1. Could I get the Rg over Rh figure for the stretch B:92-162? Both from C-alpha atoms, Rh via Kirkwood, rounded to two places.
2. Please compute the Cα-Cα pair-distance distribution of the stretch B:310-434 with 10 Å bins starting at 0, giving whole percents from short to long.
3. Residues of B:289-297, mean number of Cβ from any other protein chain within 10 Å of their own Cβ, rounded to a whole number?
4. To the nearest 0.05, how large is the calculated FRET efficiency for A:His165 and A:Thr309 if R₀ is 41 Å and r is the Cβ-Cβ distance?
5. Which far-off residues, 5 or more places away or on another chain, put their amide H under 5 Å from the one on B:Ala320, with H placed in the peptide plane?
6. What Rg and what Dmax come out for the stretch A:2-222 when only alpha-carbon atoms are used, in angstroms?
7. Return the average number of partner chain Cβ atoms within 10 angstrom of each residue Cβ along peptide A:292-301.
8. Quick one: among A:Glu317, A:Glu239, A:Glu160, which has the greatest mean-square fluctuation in a GNM of chain A with alpha-carbon springs under 10 angstrom?
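Nothing in this text is a laboratory measurement; each read-out follows from the coordinates by a stated rule. Please read these numbers as outputs of a predicted model, since none were measured by experiment. Every residue, glycine among them, receives a Cβ derived from its backbone with ideal geometry; neighbour counts consider all protein chains shown.
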Amino acid sequence: MGMKTFDQLDETLHYDELPNGLKVYVLEKKGFNKTYATFTTHYGSVDNHFKPLGKDENVKVPDGIAHFLEHKLFEKEHGDVFQDFSKQGASANAFTTFNRTAYLFSTTGDVKKNLTTLIDFVQEPYFTEKTVEKEKGIIGQEIRMYDDNPDWRVYFGLIENMYHHHPVKIDIAGTEKSIAKITKDDLYECYETFYHPSNMILFIVGPVDAEDILNFVKDNQSQKTFKEKEHIERFFDEEPKTVAKTKKVIEMTVQTPKCYMGYKEATPNRQGKDLMKHELSVNLLLEMMFGKSSPNYESLYEEGLIDQTFSFDYTEENGFGFSMLGGDTGSPDEFVERISGMVEAFKQQSIDEDSFERARKKKIGAFLRSLNSPEFIANQFTRYAFNEMDLFDVIPVFESLTVRDVKEVLQNHFKKEAMTVCQVQKKKS
Amino acid sequence: MGIVNHKKTNLHGMTVHTIETKKYKTTSFILQVKEPINEKNVTKRALLAYVLQSGTKDFPSSKELRSALDDLYGATLNADLSKKGENQVISIRMEVANEKFLSNSEHVLDKAFHLLSQVLLAPALEGDVFKEGIVKKEKRSLKQQIESIYDDKMRYANKRLLEEMYDSEPYRLNVYGNGDEVDSISSKELFDYYQEVIKNDKIDLYVIGDISTDEMVDKVSKHFRFSKDRKEDEANAVNAADEKRISEVKEIFEEQDVQQGKLHMGYRTYTTYADDDYFALQVFNGIFGGFSHSKLFMNVREKESLAYYAASRFESHKGAVFVMSGIETANYEKAVKIIKEQHEEMKKGNITESEFEQTKAMINNQVLETIDHPIGLSEVLYHNVVAGTDRSIEEWMEGIKKVTKDDVVAVAKKVTLDTIFFLKGAGTNGNENV
């Protein structure tokens, strides 16, 4: 068992790695009513080509299977686990991303009882042909709901443009066609491979006694047996540095067009502190170039090319990374021309120390604000931990950044040839 | 002291609510400015909210104002609109980092207070009216925002339901106003309206964080100066008993090129926040469609696999319950039938012990979770202002606890379906061209 104190933040994190490889973290939050817990596997939509645990041959599984598995894990022989949580005064949920699947609950009632339910339901799969078939209708409607959502379409369209092979370009939920092929055996195979405790993190945040919770989890795990932990082999095809497509237009029944543009990261293979430094540098630079207090934002807003929906972000995980900027715009082509022109112009200017400091302050403030949220802490901590980073390093890393770091990413990341555009345009009738 | 240490102080016709807590790493300010929603001012008021957050006397452009906020360790400032019953509320929210967590501790709190007061009371002017440049930009942005409702089909269907269901009541109005009225608003007209707002609207300020009430009240008196003739309008709560009686359910269909049909149903409940059976209505909604153990979720989704989402929510101050579900267009009849049946079941008292107890536990959980967040907490407390009540969070929770199954059945019998709006899909949305 261990403990790390972050004096500046007034937080103490307790942790332990159990004999079966499960990592458990507890953050005490005094004064809060709610306890929030996430149980997350390092397995998401991109993990579709791998060597199943204990087998010799690699398999490729249908698109959308990680998300399908997430839905089906809630169903047990006795019924739906959602109901068990709500009987115990907790609300449960789950989500699947490119490389994580998280199961979670929040409660203001009995933490241990709900924690037991969470751990046990995730560790005791129950899949049948019948329940698998039933879910296809529900997920089919979920897919259609996203198909009708222009924000989702433009976001995914952009990622699709960037990648030739990497499975990040595949929609997380798959398609109605791809999920039709999923069987209960496929689900078990994925489950056995990726839900081993050594591939998972349990995070609990709330008004709890950390020692007590850690011992409680340890006790739960010591009563179960697991296979020996093994290294998971995942396979990805070689991904070129270039984008797969430079532009795509999707026609939908909208009144205001949407436009997103992105830059594909050429070397998305950083881990640990390098990754954190890189991610924060790109985000700081984006803030300097296009934040609300920047001259560029002011011009774009004045010219009517952006509105309140304009946003930007950089994200990188093992194997893929990209920045994206966009929102609603009356003139999508002009939007692209102006933004890419601004990026090129920024490369020619010298970086202004004041705006660098201002952006840094803004970012630190935003991070402090997000620490009010137990959800943010648990989810982000887990994401960082899977990439060998520590969430509580964010402020010191921000403080260590220099203008030189920002200059470097400006030259290396924002390359013209790494740019791509996706637009949602009004459907011509 | 209860769950929340909430103190109220009246100052210059503004109510200051202070909540002292060490839970957060930030201090939050929430200004709520309320007026009955009405045809004449609805669009102006929406525009006003955005103009106010775009500049002050000292920082007369968005860029300057945003730079000042960034310098305050990324303080956030945003103005937003909401409809609470038949009121259109402007919320101006600001959040600043608690100085104690900053490496080089600075006096951000005082500066933040000043800035917030300036946003409300000292806007950026040109001559005697709002700066033309700001008004022009915000008009364009507002128009785009109104248009974008159409692009989000769930929001669009919801908006259409309200227009049909409340066709002769103020509640039909969209909180962002009417797109075709935006252009004709002049800076002068907007400024005249602004002066009315400052003079007459009910204004509440919530300050939440590691603060002291005395200090806050002191700062408010220093920074917030209203004119002497300020006189707040009386509260206008909806009288639930006067709500329209339904003789026939209205059924409205519209067709668009969407992949999934959006089914929205509106019910009148004849109960609002101030009423004694409000708690029973909460429990009714929870059992009907408020949670994942609810009748709608279990029957429409889990049993029949008709939908991914099937839920109900309710509006406390208008006293309405809204059902929404995304379904295959061909399944319309079937889904509506199942939804109506669930309501009938509740009227007959077919509510299991576990549905009933789970729902009460979940509502309790929900309110406790909501007040963990500063904005959630301010919203829970602000209900009292809108309804003209004075309920503590403890009383609220006690109210839920006391609800009996008979109370829920009685409410179920009052709840009446008014309008069904169905956005039918033609099914080829989103073709891709390269």
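1. On the way: Rg = 18.9 Å, Rh = 16.0 Å.
Checking Rg against Rh, the ratio lands at 1.18.
2. 9, 31, 31, 19, 8, 2, 0
3. Values: counts 0, 0, 4, 9, 8, 1, 0, 0, 2.
Per residue, the number of nearby Cβ atoms from other chains is 3 on average.
4. Numbers: r = 31 Å, r/R0 = 0.76.
Here the calculated transfer efficiency is 0.85.
5. Hits under the 5 Å cutoff: B:Glu315.
6. Radius of gyration, then largest Cα-Cα span, for the stretch A:2-222: 18.6, 53 Å.
7. Details: counts 8, 10, 4, 1, 1, 3, 6, 1, 0, 7.
Taking the mean over all residues of the peptide, I get 4.
8. Maximum among the listed residues: A:Glu239.
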